[in-house]
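One structure is given here, and the rest of the page talks about it.
Taken together, the values in this text are just the output of simple stated rules run on the coordinates, not laboratory data. All values reported here derive from a predicted model rather than from experimental measurement. Don't worry about glycine lacking a Cβ; one is built from the backbone with ideal geometry, like all the others, and counts go over all protein chains shown.
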Amino acid sequence: MKYFRSASSGAVHAYEDDIAVESDDNGVYRFTTAEGLAVDAPSDLVPCDAPATSGQSVESRKRALSAVVQRHLDEVAKGLGYDDMNSAVTYADEPAVRRFQDEGQALRAWRSLVWAACYDLLDRWSKGQLDEPNADELIASLPAFTAPA
């Protein structure tokens with residue numbers, strides 16, 4: 001799930017993972033369905049973490065935390081100029097431009113390390129071995145990305 005909060009009302013809106021979210025240079029978001037239907041979001045919507053989890057199942061909370069991790073992966077890839085993580089890793093096996101291949105390989109390897117750490121932490125949490133992490137704690141516990149030289 002992708003979560004957005006209205007700055008004016010405080011309401012949290014959730015969108016399924018198959019909704020593509022793009023932002024222009026002014027911070028205006030556009031949501032596009034898998035069928036290609038696009039809509040501009042209200043100008044006061046900003047990305048946020050999953051809302052409070054009271055009353056939600058463990059599986060639902062795991063999905064919400066996993067969405068936070070996916071957003072983190074996508075943000076790092078976007079910081080290197082890619083559309084998202086999925087786009088970035090397509091360059092891993094493309095030798096035409098060495099820089100893109102190196103970044104794709106580094107991002108692909110890092111993505112695997114991140115998900116392994118995330119699933120391990122969520123598994124330990126669901127078994128009661130540690131407290132439920134909030135989004136910031138979860139991201140802080142993950143391996144950091146090191147860009148290739």
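The label point for N26 and the one for E75, both projected 7 Å from the Cα toward the Cβ, are 2.4 nm apart. Taking the inverse of the mean reciprocal distance over all distinct Cα pairs, the Kirkwood hydrodynamic radius of segment 58-141 comes to 13.7 Å. The modelled label-to-label distance for the pair S60/Q101, using points 7 Å beyond Cα in the direction of Cβ, is 4.8 nm. Each Cα pair under 8 Å and six or more residues apart adds its separation to the average, and for segment 58-141 the resulting relative contact order is 26 percent. Each peptide in 29-37, 62-70 receives the mean, over its residues, of other Cβ atoms within 10 Å, and ordering these scores from highest gives 62-70, 29-37.
Between A149 and R108, what FRET efficiency comes out of the Förster formula 1/(1 + (r/R0)^6) with R0 = 22 Å and r the beta carbon distance, rounded to 0.05?
Numbers: r = 17 Å, r/R0 = 0.77.
Rounded to the nearest 0.05, the efficiency is 0.80.
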